[in-house]
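Structure record follows, encoded as structure tokens.
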Amino acid sequence: MTKFTSKLRRRQLDEYLSKYRELGSPPNGFISEIRHALEMSSYVLAERMEVSQPAVIKLEESEKNGTITLSSLKKAASALGCKVVYGLIPDTSLEATIYDQARRRAEILSESIFKTMGLEKQTASAADKESIIEEITNELLSKSKRELWKHDH
């Protein structure tokens, strides 16, 4: 994929995903909340799922705790007349994530420059340091983005 096609795709994906950024889960999880909204007992849900009632309670707890499996969530959703929509939503835009990563890498790379300057009894003002970091950031952004993620611990 060319650099421009990749950037366009990233912008399109950012636009698509932005509407989902504010989504979250209900405090008690979707299974419990939807079951209660439908006025369905845990016994009826258990029957529809072909599991025991304690298994439903355990399932609702595992969703609330974030330990539920995707297959269990799908089974419960189906029994509730729902579907599971799975997705990964970036905290910020993909463009911002790439810029922030380039900036972190630039700060790491610039440390050796500033260390060498210090050994040579040269000083750099905060503005000079910022300018160098920004220059390195821009250089990193002009190259393959795959390089940004190497040696990132």
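Just so it is clear, none of the values below were taken in a lab; they were calculated from the coordinates. What you are looking at is a predicted structure, and each value in this text was computed from that prediction instead of being measured. Here the Cβ positions follow ideal geometry from the backbone for every residue, glycine too, while neighbour counts run over all protein chains shown.
Structure summary
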| quantity | calculated |
| --- | --- |
| Relative contact order (%) - region 30-79, alpha-carbon pairs under 8 angstrom, separation at least six | 37 |
| Rounded tilt (10° steps) of 3-18 against the dominant C-alpha axis of the chain | 40 |
| The chain - percent relative contact order, Cα under 8 Å, separation 6 or more | 22 |
| Full-extension gain in nm, Lys58 to Arg11, via 0.36 nm per residue minus C-alpha separation | 12.8 nm |
| Helix 126-141 vs. the chain, principal-axis angle (Cα, 0 to 90°, nearest 10) | 60 |
| Segment Phe4-Asn138, length gained on full extension (0.36 nm per residue, minus Cα span) | 46.6 nm |
| Cα gyration tensor shape of the chain, rounded if a/c is under 1.5, else prolate or oblate by comparing a/b with b/c | prolate |
| Virtual spin-label span in nm between Arg146 and Glu33, 7 Å along Cα→Cβ | 4.1 |
| Angle in degrees between helix 94-119 and the longest Cα principal axis of the chain, rounded to the nearest 10 | 40 |
